[in-house]
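A short worksheet on the structure shown next.
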Amino acid sequence: MADLFGSIALGDLQLPSRIVMAPLTRCRAAEGNVPQDLNVEYYRQRASAGLIISEATQVVPEGQGYPMTPGIHSQAQVAGWRKVTDAVHAAGGRMALQLWHVGRVSHPVFQPGGNLPVAPSAIPPKGQIYGNTWKKVDYVAPRALELSEIPGVIEGYVAAARNAKLAGFDGVEVHGANGYLLDQFLRDGTNKRTDSYGGSVQNRARLLLEVVEAVVGVWGSSRVGVRLSPLNPNNDIADSNPKETFGFAARELARMKLAWVHVLEDIKTPAGEEVTSTIKAACGAPVIANSGYTLETAQAAIRDGRVDAVAFGKLFIANPDLPRRLGAGGPFNEWDMKSFYGGTAKGYTDYPALA
Ligand SMILES: Cc1cc2nc3c(=O)[nH]c(=O)nc-3n(C[C@H](O)[C@H](O)[C@H](O)COP(=O)(O)O)c2cc1C
């Protein structure tokens, strides 16, 4: 019987356990969105994860939507990440980079030249966003990408995937979740295009699939994963038929024989588990499940064969030695929400490990 503490192969990656560190934006990069020593220490502390998936990392300058998030488009960023991966490897860990473009979840203050953010359609998210000085500002209506610009968007992911190799990562995860650019194309609430990237599910899934295929061209399929969030409404996103949309995407992804598909489900609702099962049956890849899992629910989901691995987010923020604590049945440090985004070592590298 599969076990949370048992090993698993995700493509070419051999994980000593099925305990994955979820991608967690912490907004603590240095000037130029370059990973710094503080980030090296944070990830080094968490190297006992079966696999670390990095915080979302912008593939191009236009892909940024929050202050101080790291990028992977400059040489300095590659060098900063190299220090992180070296430290994780020296501590016995494995790490994949999450490739990110926020699309409309941005603001001219983050955009080169103060331009409008780009998106499938010129529909702003409702609400407000943190500007670059942490002051909340209203979202603006993004600019719809021209059809002729789409190859350039894909090229941005390819260059970032190449940089991730130079930076020493073990693989990459394409961020197709949480209302960011690829999800904005996929779900029909945000995609009102009338060209070959909008309308039918085939067209809406096209950019996600082309990006994943292009990244596989750099890394090989056995080191590429993708993250999806069929029901997550974050960043004002919705789809009228998640089962059809994500079932289609999963069937198409199956052709690519990916190392993993990572599903952010809402495990508190049967609908969340159902859509994960639909994806698992269709995608042909190991499935990492996430959201709200505890030791007990993670172990049950793996023993039942419902999922293959479980990613923990907030528990990993507060517990650098989470696998050891899960093995011991606890105790677990509490997380402090106030220090999730931005700041210093406080609430970042100062959570204690078990003695
Ligand atoms: C502070 C914070 C930052 C996050 N950043 C990311 C991110 O960069 N990429 C991503 O895909 N999800 C991100 N998420 C979502 C988490 O990966 C995860 O889905 C969520 O925390 C639910 O899992 P949990 O209940 O184990 O915490 C973030 C969540 C939190 C709390």
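List of remarks:
- Pairs, first in contact (Cβ under 8 Å) with a residue 12 or more places away in the chain in segment 15-26, second in a loop (DSSP other than H, G, I, E, B) and within 7 Å of the ligand (Cβ to nearest atom), C-beta under 6 Å, six or more apart: Ala22/Gly313; Leu24/Gly313
- Scope segment 297-317; condition closer than 26 Å to Arg26 by Cβ and more than 10 Å from the ligand (Cβ to nearest atom); matching residues: Thr297, Val307, Ala309
- Hey, Arg227 of a type outside the set (Gly, Ala, Ser) and more than 19 Å from the chain's Cα centre (by Cα) or not: no
- Some residue of segment 150-163 being touching a strand residue (DSSP E or B) at 6+ places or on another chain (Cβ under 7 Å), buried (at least 17 other Cβ atoms within 10 Å of the Cβ) and closer than 24 Å to His89 by Cα: yes
- Pick from segment 276-296, criterion away from the ligand (no atom under 16 Å from the Cβ) and touching a strand residue (DSSP E or B) at 6+ places or on another chain (Cβ under 7 Å), ranking: farthest from Lys257 (Cα to Cα): Lys280
- The set of residues from segment 248-278 being more than 17 Å from the chain's Cα centre (by Cα) and at pLDDT below 95 comprises Ile267, Lys268, Thr269, Pro270, Ala271, Gly272, Glu273, Glu274, Val275, Ser277, Thr278.
- Count of residues meeting criterion [within 16 Å of the ligand (Cβ to nearest atom) and touching a Pro at 6+ places or on another chain (Cβ under 6 Å)] in segment 106-133: 1
- Looking across segment 18-33, the residues that are more than 13 Å from the ligand (Cβ to nearest atom) and either assigned to a helix (DSSP H, G or I) or crowded, with 20+ Cβ neighbours inside 10 Å (or both) come down to Arg18, Glu31, Gly32, Asn33.
- Gly92 being more than 16 Å from the ligand (Cβ to nearest atom), more than 20 Å from Thr25 (Cβ to Cβ) and either free of Cβ contacts under 8 Å to residues at least 12 places away in the same chain or of a type in the set (A, V, I, L, M, F, W, C) (or both): no
- Spans of helices (runs of 4 or more DSSP H) in segment 109-215 with at least 3 residues closer than 26 Å to Met21 by Cα: 150-166, 181-186
- Subset tally (residues that are under 15 Å from Gly176 (Cβ atoms) and within 13 Å of the ligand (Cβ to nearest atom)) for segment 262-275: 4
- Filter result for Ala2 (surrounded by fewer than 20 Cβ atoms within 10 Å (Cβ to Cβ), under 21 Å from Leu258 (Cα atoms) and away from the ligand (no atom under 12 Å from the Cβ)): yes
- Enumeration of residues in segment 79-127 that are hydroxyl-bearing (Ser, Thr, Tyr) and more than 22 Å from Glu155 (Cβ to Cβ): Thr85
- Within segment 254-291, the residues that satisfy the criterion of being out of contact with any Ser or Thr (no Cβ under 8 Å at 6 or more places or on another chain), within 28 Å of Pro331 (Cα to Cα) and surrounded by 15 or more Cβ atoms within 10 Å (Cβ to Cβ) are His262, Glu273, Ile288, Asn290, Ser291.
Condition check ((1) aliphatic (A, V, I, L, M); (2) in contact with a Lys or Arg (Cβ under 9 Å, 6 or more places away or on another chain)) across all residues:
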| site | (1), (2) |
| --- | --- |
| Gly152 | no, no |
| Val158 | yes, no |
| Ala167 | yes, yes |
| Val174 | yes, yes |
| Tyr180 | no, yes |
| Asp183 | no, no |
| Leu186 | yes, yes |
| Thr194 | no, no |
| Tyr197 | no, yes |
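The values are calculated or read from the model by the stated rules, or taken from the named source; none is laboratory data. What you see is a predicted model; the values in this text were computed from it and never measured. All Cβ positions, even for glycine, are placed from backbone atoms using ideal geometry, and neighbour counts span all protein chains on display.
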